[in-house]
Amino acid sequence: MDYLFNDEQKMVKELAHKIAEEKIRPVAAIYDQTQDYPWEIIKVIADAGLFGLFIPEDYGGMSVGVLNLCIATEEMSRACGGIAVCYAASALGTFPIVLFGNEEQKKKYLPDLASGKKVAAFAVTEPEAGSDASAIKTTAKKEGEHYVLNGLKHFITNGGDAETYVVIAMTDKNKGARGASAFIVEKGMPGFTFGKKEDKFGIRASSTSELIFTDCKVPKENLLSREGMGFIVTMKTFDMSRPGVAAQAVGIAQGALELAVKYAKERHQFGKAISSFQGIQWMIADMATEVEASRALVYAAARMVDAGIKDVGKESAMAKMYASDTAMKVTVDALQIFGGYGYMKDYPIEKYVRDAKITQIYEGTNQIQRNIIALEIIKELAK
Amino acid sequence: MNIIVCIKQVPETTEVRINPETNTLIREGVKAIINPFDMYAIEEALRLKEKFGGKTTVITMGPPQAEAAIREAISLGIDEGILLCDRAFAGSDTWATSYTLSGAIKKIGAFDLILCGKQASDGDTAQVGPGISTHLDIPQVTYVKKIEEAKEKIMRVERLMEEGYEIIEIPLPALLTVVKEINEPRLPSLRGMMRAKSAQIITWGQKDLNLDPQQIGLCGSPTQVVKIFTPPQRTGGQILTGEITEIADQLVDLLKSEAH
C-alpha cells in the first residue's frame, strides 16, 4: 500500500531499512542471547541522526514528527524488536521534556538526546502500580533547593543504560492522582541507583531494570511543568508514544511475515513448495492484510499527532491495541508456517513471537487501551 | 587537508551477465551503486577531514545517471561532487579515463591527497588510480591498508602485500588507492541524505576541461575490446600416485613429453 510519503519520510524509511538489514539483523540473535545493551547499534542510529526526528530543530533535532519516528521504529523492528525498543524507549523518555519542559530544561537535555549521545527512559511503573498508576508510592518532598525522592520503580526500559530519566513521584499523597509530579533525574545524582536487571521472555536486547531512590536529591529546577502535573505528563506522553509502540508491533509482524513467506517458498513437502498449498496461502493473505490494516491505523494516528490535533488518546490507543494484537497473532501464525523448525532456536522466527508479546502489555496493557477507547466513545456519543 | 576521491558507478551484482551476441554487459534490471572499493576511499577521506579539517570532493566520469553516485557520496558527508559527463568521453579505457580525471583535478587546482578504491568491481583493472597519478606527475601508493601518520606535507602508510605489508612515506600531494582492510564505511545520515537531495552537482564536459581530443573517449583509448568470451572450462587433469620419488619422476617425464 502506498502511504504517499514525502521525501523526508522516504529517506527515513530507506535509512532505517539499511540500518536494520546491514547492522541489526546480523547481530539480533546474539543480543537476544546475551542480553547485553546494544550500544554499537545505538551509535549507528545516533550517527544516522534518527534519535532527533521528533525533537524541535532549535534543540538539535529534525522537527520531522512522530510519523517519522514510527517509520524508523517499524523498519528497525522488522530486524529486531528488542534493539528497536531501546530506540523507541528513549523517545518515550524524551517526549515529556519536549511536551512539558521549560526553555532551560529543553536547552539542557534535548540536544544530547537528539544526537543520541545519551538515551532517555520514562519511569512510571512500580511493583504495586502497573495499570493502576494512581497507586504510585515513590515520593518527592521539597526541601529547600531540592526535591528528595524516595521509592522504587521497576520494569523500566533502558533503566541503567539511560542517562536521562523522567520519573513520576508523589509530591502530595493526599491528592491522589493530582498529587503526582514529573522530575528529570540524571544518572549519577546522589541517592539514585539501579537494582535488579530483569531476565525477559522477549525484547532481550533491551534493558529492563529497577530504579532505586534513596533520599535522592534532585534540583528543584528539574521539576517538569508544575507540582501535581505528573499524571497529565504521563497521559500526554503516552498519547504521543503509543503510535511508536504500535509501529514496533507492525515491524515485528512484518518481519515475521517476510520470514514466513520466504520459508514457505523454500520448504518442500509432498513434492512441492508449501507456499503452493491453499492452506498456507490463506494464512499469508490474512497475515498480510492484518499487518497492512495495523500499519494504516498507526500512520493515521501518527499523522494526527503531527497535525497537532489535541485529543489523540483514542486513536493512539486503537493503533497500539490493534497493531500489538495483530503482531501476536501474525508471529504465532508465522511460526506455524515454519512448523517444527520454527519452534527451534536455530531459526529466527520464535524470537518474533517472544518479542511480539510485550507489545500487548507495555505502555498500557491492551485491556487499558480498550478502557480508553470505550470511555472516549461513550463520552463522544453523550455529547 | 583537501581531498579528492575518484569514484565509479558500477552494477550492483558481482555476477554481471554478458549478452553473448553483442558481448556487452546486460545492465537492465541491475541496480547501480558506488564501486564497493571506492566506499573505503570515501570513508577514509571523511575520517581525514574529521581529523584535519579541509574539504572533500568526489569526482566521477560517467553518464548523467552517475549523478546518483555523487549524491550518495554527499549523503555520507562528502562536501562537493563533480560529474564529468560528455559524449566525447564515451568509450574511454583506463588511459583515457585517468587522463580525463586528471584534467578535472588540474581544473580543481590545489589539493593534498587523491584517494581511489584499489579497483572497480566491474572492470577489475586497478589502473585508473595509478594512471591519474602518472598524468598529474605526483607520487602514488597502491593497496593502502592503513594511514599510520598524516602530517601537512608527508604521510606514512601501510601497503598491503601478499605476505605482510610495507611501510611507505610519501610527500604530499599524493595519490593512494585503498583496500577494504583500511576501515569500515559508515552509513549515510538523515541530514546528509537531505543535503544530498538538494546539492548542486557540478557537471564538466570536454569544453570545460579543454583536453586533447586525441586522448579522450574511444579514439583516445589504446585498449580495443576485440572480443569478450567465456573461456572453455578446463577438463580432465591427472592425479599421480605412488611414493614421492616415483611421483617426481613421473612428473618430470610428463613435463618432458606433454608440455610444449
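Summary of values
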quantity: Pick from segment B:117-143, criterion of a type in the set (A, V, I, L, M, F, W, C) and more than 18 Å from B:ASN2 (Cβ to Cβ), ranking: farthest from the chain's Cα centre (by Cα); calculated: B:VAL141
quantity: Members of segment A:173-204 found to be assigned to a helix (DSSP H, G or I) and at positive phi, listed by number; calculated: A:GLY176
quantity: Filter result for A:ASP36 (at pLDDT 95 or above, surrounded by fewer than 24 Cβ atoms within 10 Å (Cβ to Cβ) and more than 11 Å from every other protein chain (Cβ to nearest Cβ)); calculated: yes
quantity: Residue that is farthest from B:ILE228 (Cα to Cα) [pool: residues in segment B:10-35 that are outside any loop (DSSP other than H, G, I, E, B) and modelled with pLDDT under 95]; calculated: B:ILE33
quantity: Checking A:MET76 against (1) away from chain B (no Cβ under 14 Å); (2) part of a helix (DSSP H, G or I); (3) under 18 Å from A:THR157 (Cβ atoms), the condition it does not meet; calculated: (1)
quantity: Selected residue (criterion: farthest from the other protein chains (Cβ to nearest Cβ)) from residues of segment B:168-192 that are under 17 Å from B:TYR40 (Cβ atoms) and of a type in the set (Lys, Arg); calculated: B:LYS180
quantity: Of all residues making up segment B:70-106, the number that are within 15 Å of the chain's Cα centre (by Cα) and closer than 17 Å to B:CYS219 by Cα; calculated: 10
quantity: Residues located in segment A:61-93, provided they are buried (at least 24 other Cβ atoms within 10 Å of the Cβ) and free of Cβ contacts under 8 Å to residues at least 60 places away in the same chain; calculated: A:TYR87
quantity: A:ASP58 being buried (at least 19 other Cβ atoms within 10 Å of the Cβ), part of a helix (DSSP H, G or I), modelled with pLDDT of 95 or more and among the acidic types (Asp, Glu); calculated: no
quantity: Residue tally, condition outside any strand (DSSP E or B), in contact (Cβ under 8 Å) with a residue 40 or more places away in the chain and under 18 Å from A:GLU363 (Cα atoms), over segment A:135-159; calculated: 3
quantity: Matching option when the condition is crowded, with 24+ Cβ neighbours inside 10 Å, touching a Lys or Arg at 6+ places or on another chain (Cβ under 7 Å), within 13 Å of chain B (Cβ to nearest Cβ) and not polar (S, T, N, Q), among A:ALA48, A:ALA20; calculated: A:ALA20
quantity: Filtered residues of segment B:147-168 (kept if crowded, with 16+ Cβ neighbours inside 10 Å and modelled with pLDDT under 95); calculated: B:ALA150
quantity: Some residue of segment A:91-108 being within 26 Å of B:LEU76 (Cα to Cα), in a helix (DSSP H, G or I), away from chain B (no Cβ under 14 Å) and touching a helix residue (DSSP H, G or I) at 6+ places or on another chain (Cβ under 8 Å); calculated: yes
quantity: Of all residues in segment A:1-17 being part of a helix (DSSP H, G or I) and either more than 8 Å from chain B (Cβ to nearest Cβ) or of a type in the set (Phe, Trp, Tyr) (or both), the one that is farthest from the chain's Cα centre (by Cα); calculated: A:LYS10
quantity: Within segment A:29-44, tally of residues that are under 24 Å from A:LYS117 (Cβ atoms) and in contact with a helix residue (DSSP H, G or I) (Cβ under 6 Å, 6 or more places away or on another chain); calculated: 3
quantity: Filtered residues of segment A:268-310 (kept if in contact (Cβ under 8 Å) with a residue 60 or more places away in the chain and either surrounded by fewer than 17 Cβ atoms within 10 Å (Cβ to Cβ) or among the charged types (D, E, K, R) (or both)); calculated: A:GLU292, A:ARG295, A:ALA296, A:ARG303, A:ASP306
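Yes or no, residue by residue, for (1) over 21 Å from the mean Cα position of the chain (by Cα); (2) among the aliphatic types (A, V, I, L, M); (3) not in a loop (DSSP other than H, G, I, E, B):
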position	(1), (2), (3)
B:LYS146	no, no, yes
B:VAL157	no, yes, yes
B:ARG191	yes, no, yes
B:MET194	yes, yes, yes
B:ASP208	yes, no, yes
B:VAL226	yes, yes, no
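The values are calculated or read from the model by the stated rules, or taken from the named source; none is laboratory data. Please read all numbers here as calculations on a predicted model, not as lab measurements. Backbone-built Cβ (ideal geometry, glycine too); neighbour counts: all protein chains shown.
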